[in-house]
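The values are calculated or read from the model by the stated rules, or taken from the named source; none is laboratory data. None of the values given here were measured: they were computed from a predicted structure. Every residue, glycine as well, gets a Cβ built from its backbone with ideal geometry; the counts of neighbours run over all protein chains shown.
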């Protein structure tokens, strides 16, 4: 049996944590003995335990990629467990500890993609970064082609990289009666076209551009609503922007919700308008499971998830005018919304299910084990 130690430093539940839970739910437990290391108090701990895995809780390294005390603590954990593979999710401390402990297979997952500054892709930073990553990691998983490009542009050996796009579990559908009740509770009329954005409220997720576009839509269409899922540091400023634009009555801020499925289930169009960081969006995948098409920016990993005319539309990032045009055309064409929704369901089954993602990761684990640990 292949013994794998996954290490995360997140105290909140982010994309990496949600992805890990999807993996854990689908691993072949007859072939893989998987351990999970998380900081004490992490909100992810009960989610991991729900799917039947115990958690090794750490004192150090909370929300930090590198900390001396965390390296020492992780060395003790690694020596105790003796894993064949240490798989880090944004923890440089874990990769250093694995190297110091002589672990032959040291993996990490690159969960983000963004526009790199010139200094990061040129001498000497590229050479330094490449040396560190190539030395500490025997294999790297990139969750999108854009993430893989970030790695190679900063000196990582492309032979070390495997692209595995994020996959999710099928979200449960709610009944028509439940949909109607939820709409009533949110002040949504039955004939309203409902847009939704499911992303943390931070500048790079593009909410401000969406609000600008939505303002234009509202001037010509009374029967639209926008659901904004999530929380973040921009929440106050975004509510102020909605008020300034005169669309507060058209936007529903839900805050954090435990279960996004009902909200996606009452929506007609999903929106992702990131411009600063995006790889393989879990929100797009989740919308696909319920047959909701996406209008997305052309940034990062979005072009790898949206097949134009099949499951959605791509729009130039930071271009509110283009976003307004694309959304307006779609809102005015219910048949096209339905066709793109059908395409979204089909594409999810083909490419973006959690089981398909996990099988690919298992293949990487097995390859690493065969090459380095036998």
**Study point:** Identity of the residue in the range 127-138, assigned to a helix (DSSP H, G or I) and touching a strand residue (DSSP E or B) at 6+ places or on another chain (Cβ under 9 Å), that ends up surrounded by the fewest Cβ atoms within 10 Å (Cβ to Cβ)
**Key:** 136
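Per-residue answers, yes or no, for (1) more than 21 Å from residue 343 (Cα to Cα); (2) touching a helix residue (DSSP H, G or I) at 6+ places or on another chain (Cβ under 6 Å); (3) surrounded by 22 or more Cβ atoms within 10 Å (Cβ to Cβ):
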| position | (1), (2), (3) |
| --- | --- |
| 246 | yes, no, no |
| 249 | yes, no, no |
| 262 | no, yes, no |
| 274 | yes, yes, yes |
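Taking residue 261 as the residue in question, decide whether it is under 24 Å from residue 322 (Cα atoms) and at pLDDT 95 or above. Write out each step before concluding.
Working: under 24 Å from residue 322 (Cα atoms): no; at pLDDT 95 or above: yes.
Taking the combined requirement at face value, the residue does not satisfy it.
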Practice item. Answer yes if at least one residue in the range 332-347 is in the same structural domain as residue 281 (by TED's automatic domain parsing), assigned to a helix (DSSP H, G or I), in contact (Cβ under 8 Å) with a residue 60 or more places away in the chain and under 23 Å from the mean Cα position of the chain (by Cα), and no otherwise. Key: no
Review point. What number of residues within the range 75-116 are in contact with a strand residue (DSSP E or B) (Cβ under 6 Å, 6 or more places away or on another chain) and under 18 Å from residue 132 (Cβ atoms)?
Key: 15
Practice item. Check residue 114 against each of (1) closer than 26 Å to residue 277 by Cβ; (2) in contact with a helix residue (DSSP H, G or I) (Cβ under 9 Å, 6 or more places away or on another chain); (3) modelled with pLDDT of 95 or more and name the one condition it does not meet. Key: (3)
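Conditions tested, residue by residue: (1) in contact with a helix residue (DSSP H, G or I) (Cβ under 7 Å, 6 or more places away or on another chain); (2) surrounded by 21 or more Cβ atoms within 10 Å (Cβ to Cβ); (3) over 19 Å from residue 358 (Cα atoms).
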residue	(1), (2), (3)
125	yes, no, yes
140	yes, yes, no
144	yes, yes, no
149	no, no, yes
152	yes, no, yes
155	yes, no, yes
167	yes, yes, no
170	yes, no, no
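If you take the residues of the range 215-227 that are in contact with a helix residue (DSSP H, G or I) (Cβ under 7 Å, 6 or more places away or on another chain) and under 17 Å from residue 268 (Cβ atoms), which of them is surrounded by the most Cβ atoms within 10 Å (Cβ to Cβ)? Don't jump to the end; show me each part of the working.
We begin by selecting, within the range 215-227, every residue in contact with a helix residue (DSSP H, G or I) (Cβ under 7 Å, 6 or more places away or on another chain); these are 215-218, 221, 224-227.
Next, from what is left, pick out any that are under 17 Å from residue 268 (Cβ atoms): 217-218, 221, 224-227.
Values: 217: 20, 218: 19, 221: 15, 224: 21, 225: 23, 226: 26, 227: 22.
Once the filter is applied, the top-ranked residue is 226.
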Point to revise | Condition check for residue 313: outside the structural domain of residue 103 (by TED's automatic domain parsing), in a helix (DSSP H, G or I) and more than 30 Å from residue 139 (Cα to Cα) | key: no
Revision key, fill the gap. The helices (runs of 4 or more DSSP H) lying wholly within the range 157-259 that contain at least 1 residues that are within 25 Å of residue 277 (Cβ to Cβ) and touching a residue at least 40 places away in the same chain (Cβ under 8 Å) are 207-220
Practice item. Run residue 16 past the list (1) in contact with a strand residue (DSSP E or B) (Cβ under 6 Å, 6 or more places away or on another chain); (2) under 27 Å from residue 281 (Cα atoms); (3) not in a helix (DSSP H, G or I) and report the number of the one that doesn't hold. Key: (3)
Point to revise | Matching residues, the range 106-124, being more than 25 Å from the chain's Cα centre (by Cα) and either assigned to a loop (DSSP other than H, G, I, E, B) or touching a residue at least 60 places away in the same chain (Cβ under 8 Å) (or both) | key: 122, 123, 124
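Picking from 50, 72, 62, 82, which residue would you name as being in the same structural domain as residue 148 (by TED's automatic domain parsing) and surrounded by 15 or more Cβ atoms within 10 Å (Cβ to Cβ)? Step through it out loud before you land on a result.
Numbers: 50 fails: surrounded by 15 or more Cβ atoms within 10 Å (Cβ to Cβ); 72 fails: surrounded by 15 or more Cβ atoms within 10 Å (Cβ to Cβ); 82 fails: surrounded by 15 or more Cβ atoms within 10 Å (Cβ to Cβ).
None of the other options fit; the residue is 62.
If the requirement is being surrounded by 15 or more Cβ atoms within 10 Å (Cβ to Cβ) and under 30 Å from residue 191 (Cβ atoms), which of these qualifies: 361, 340?
Working: 361 fails: under 30 Å from residue 191 (Cβ atoms).
Just one listed residue meets the conditions, 340.
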